[in-house]
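Participant: Mind looking over this structure? Questions follow.
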């Protein structure tokens, strides 16, 4: 028969398989992700108890639930246990054993091995200790005398010097569980891989004492990122005997603890790596004294790794979080075999879909959408591509066989849609010859052997598609209005420019003609009437007036233009006597004198 997987205190896990009088044991690692006792199931592999009957995780006949671990453990079975170096197993009793009935387990290991037994729990009726107890022997020598206690959960170590150990148990009364124990088969160089375990030197604690001239090593290993804590108790004889605990897997590593002479209790050390090496070396022992009995210890690996079971008191390492009883990453993170990292968005490299944010998949080692989807940057999600005639803005929104034309998913301009096969096929264009076997492109139909639009539509060359006549008419009207508006604006701009140019020219002409009109409108005789011009008595005065106050425009020969900057006062007004002779005038660069000078007191007008 078979003992189901079991798990002891401090999470040591073992499995025993009984074959007649021979027992094979092997230490296991924790199982995770399985359903616990009492939950629904459909087959045995779903249950932590490895037993599903009929649709509930339970324990098989001959075993009970070990509530501290969630495993089922065997209650009765063969009493001869033969194991190999490195194996471990459980011995468990329950109240269904008859009161005062003696049950004996004989544990036998390989040659050059010793047996370490740790009693984890004792719960018996202390009123009848003579009739219910547990004891440990090596051959005929009693290593631990009758033990009868109630609700005692303190670990009790017992190690043989030889490869054999015997456990005797007398059944307790109803309502008590009896005892639970775990055993290990080890040689003088043990490698411990369980997350929790026990160490004891051969012969511990008494009356055998430890062997002389011996050396034992225990290498505790954990996974990268984890650390190990070891607590020890012991008593050794002299400075020639010692216990060294190294922070690593070699003797050249840092020594965490040295013990030589005398007793010590509950000294704890913690590694900085995932290895711890324990060395016990002896050269002398007093077999007649029980004061020097070696040492024992228990270790715990801290830092629960990815995918391993955890609870609120456990510490998940590598940035992991205890979620649903299992160490893992948050929903916004992924595990890259070392630590938790934030999930990546569209277009970033990935190894699998777990690396990508929800809604994306890992396609071609990049986070993206599947071939039947397209990426919507607005919602940052993948959306299904549109089928034939589905609305669209871009061709990537359509299934791969279609393109986005006129805001709908269609076949390309050189294809038509085959409804029977739901696919696009090559076809001829507008105006080309067609037949029953030669189809027109999408939107056209074969009319008299030529691809044409339906009767109520016309072909729009710019869009290469058929449209209703009203739509095309509306477009033509809009184009015509746009052309007329453009022409109108051009004419208006030209007209404004013409008016501005004409106005400027007229203004210039007006300014030129205005100077001559002043001369023409001067009162007096026209022609060479000297009264129309300013006079002066002498040449110097005339030249001054001609230079400062008269300006003749060279381009206008028949008109005299005079620009005056200040008023000219006549000599009569200033009380100056008029000259006796006729004054000389300059007009059009020619000098002349008036024909008469009868009026001496003439007042020359300002030109």
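Participant: Taking strands (runs of 3 or more DSSP E) that fall entirely within the range 207-255, which contain at least 2 residues that are without any contact (Cβ under 8 Å) to a residue 60 or more places away in the chain and over 40 Å from the mean Cα position of the chain (by Cα)? Before the answer, list the steps.
Facilitator: On the way: elements: 215-221, 227-236, 242-246.
So the answer is 242-246.
Participant: Within the group 404, 411, which residue is touching a helix residue (DSSP H, G or I) at 6+ places or on another chain (Cβ under 8 Å) and under 27 Å from residue 445 (Cβ atoms)? Don't jump to the end; show me each part of the working.
Facilitator: Numbers: 411 fails: touching a helix residue (DSSP H, G or I) at 6+ places or on another chain (Cβ under 8 Å).
From the options 404, 411, the qualifying one is 404.
Participant: For residues in the range 266-291 being at pLDDT below 85 and touching a strand residue (DSSP E or B) at 6+ places or on another chain (Cβ under 8 Å), which is surrounded by the fewest Cβ atoms within 10 Å (Cβ to Cβ)? Show your work before the answer.
Facilitator: Start the filter on the range 266-291 by keeping residues that are at pLDDT below 85, which leaves 266, 282-291.
With the extra rule that they be touching a strand residue (DSSP E or B) at 6+ places or on another chain (Cβ under 8 Å), the set shrinks to 266, 282, 291.
Working: 266: 8, 282: 24, 291: 11.
The residue in question is 266.
Participant: Something else about it: With the requirement that a residue be crowded, with 19+ Cβ neighbours inside 10 Å, free of Cβ contacts under 8 Å to residues at least 24 places away in the same chain and within 28 Å of residue 368 (Cβ to Cβ), what does the range 410-434 give you?
Facilitator: Scanning the range 410-434 gives a single hit, 424.
Participant: Restricting to the range 81-106, give me the number of residues that are in contact with a strand residue (DSSP E or B) (Cβ under 8 Å, 6 or more places away or on another chain) and modelled with pLDDT under 75.
Facilitator: Of the residues in the range 81-106, the ones in contact with a strand residue (DSSP E or B) (Cβ under 8 Å, 6 or more places away or on another chain) are 81-95, 97, 100-106.
Cutting the leftovers down to modelled with pLDDT under 75 gives us 94-95, 97.
Residues that pass the stated criteria total 3.
Participant: Give the range 333-344 a look and list any residue that's at pLDDT 90 or above and outside any strand (DSSP E or B), or say none.
Facilitator: Scanning the range 333-344 gives a single hit, 343.
Participant: Here is a list: 356, 398, 369. Which entry is under 17 Å from the mean Cα position of the chain (by Cα), modelled with pLDDT of 90 or more and closer than 30 Å to residue 416 by Cβ?
Facilitator: The match here is 369.
Participant: Just a yes or no: is a residue in the range 216-227 surrounded by fewer than 18 Cβ atoms within 10 Å (Cβ to Cβ) and touching a helix residue (DSSP H, G or I) at 6+ places or on another chain (Cβ under 8 Å)? Steps first, answer last, please.
Facilitator: Here is the first cut: in the range 216-227, the ones surrounded by fewer than 18 Cβ atoms within 10 Å (Cβ to Cβ) are 217, 221, 223-225.
With touching a helix residue (DSSP H, G or I) at 6+ places or on another chain (Cβ under 8 Å) added as a condition, the list becomes none.
No, the conditions are met nowhere in the range 216-227.
Participant: Given the conditions (1) more than 30 Å from residue 418 (Cα to Cα); (2) surrounded by 12 or more Cβ atoms within 10 Å (Cβ to Cβ); (3) touching a strand residue (DSSP E or B) at 6+ places or on another chain (Cβ under 6 Å), report the number of the one that residue 384 does not fulfil.
Facilitator: Unmet for residue 384, out of (1) more than 30 Å from residue 418 (Cα to Cα); (2) surrounded by 12 or more Cβ atoms within 10 Å (Cβ to Cβ); (3) touching a strand residue (DSSP E or B) at 6+ places or on another chain (Cβ under 6 Å): (1).
Participant: Only one of (1) modelled with pLDDT under 85; (2) surrounded by fewer than 18 Cβ atoms within 10 Å (Cβ to Cβ); (3) more than 28 Å from residue 233 (Cα to Cα) is not met by residue 68, so which one is it?
Facilitator: The one condition residue 68 does not meet is (3).
Participant: Pick out the one residue from 110, 78, 152, 43 that is at pLDDT 90 or above, touching a strand residue (DSSP E or B) at 6+ places or on another chain (Cβ under 8 Å) and either in the same structural domain as residue 194 (by TED's automatic domain parsing) or more than 30 Å from residue 266 (Cα to Cα) (or both).
Facilitator: On the way: 78 fails: at pLDDT 90 or above; 152 fails: either in the same structural domain as residue 194 (by TED's automatic domain parsing) or more than 30 Å from residue 266 (Cα to Cα) (or both); 43 fails: at pLDDT 90 or above.
Answer to the selection: 110.
Participant: From 171, 197, 178, which residue is touching a strand residue (DSSP E or B) at 6+ places or on another chain (Cβ under 9 Å), at pLDDT below 90, outside the structural domain of residue 99 (by TED's automatic domain parsing) and crowded, with 19+ Cβ neighbours inside 10 Å? If you could, list the steps in order and put the result at the bottom.
Facilitator: Details: 171 fails: outside the structural domain of residue 99 (by TED's automatic domain parsing); 178 fails: outside the structural domain of residue 99 (by TED's automatic domain parsing).
Selected residue: 197, the only one of 171, 197, 178 that is touching a strand residue (DSSP E or B) at 6+ places or on another chain (Cβ under 9 Å), at pLDDT below 90, outside the structural domain of residue 99 (by TED's automatic domain parsing) and crowded, with 19+ Cβ neighbours inside 10 Å.
Participant: What's the number of the only condition in (1) buried (at least 18 other Cβ atoms within 10 Å of the Cβ); (2) farther than 28 Å from residue 253 by Cα; (3) not assigned by TED's automatic domain parsing to the domain that holds residue 80 that residue 202 fails to meet?
Facilitator: Tallying (1) buried (at least 18 other Cβ atoms within 10 Å of the Cβ); (2) farther than 28 Å from residue 253 by Cα; (3) not assigned by TED's automatic domain parsing to the domain that holds residue 80, residue 202 fails exactly one: (2).
Participant: In addition: Is there any pair with a first residue in the range 268-293 that is outside the structural domain of residue 254 (by TED's automatic domain parsing) and a second that is at pLDDT below 90 and crowded, with 19+ Cβ neighbours inside 10 Å whose Cβ atoms are under 9 Å apart and which are 6 or more apart or on different chains, and what are they?
Facilitator: none
The values are calculated or read from the model by the stated rules, or taken from the named source; none is laboratory data. Note that this is a predicted model, so its numbers are computed, not measured. Every residue, glycine among them, receives a Cβ derived from its backbone with ideal geometry; neighbour counts consider all protein chains shown.
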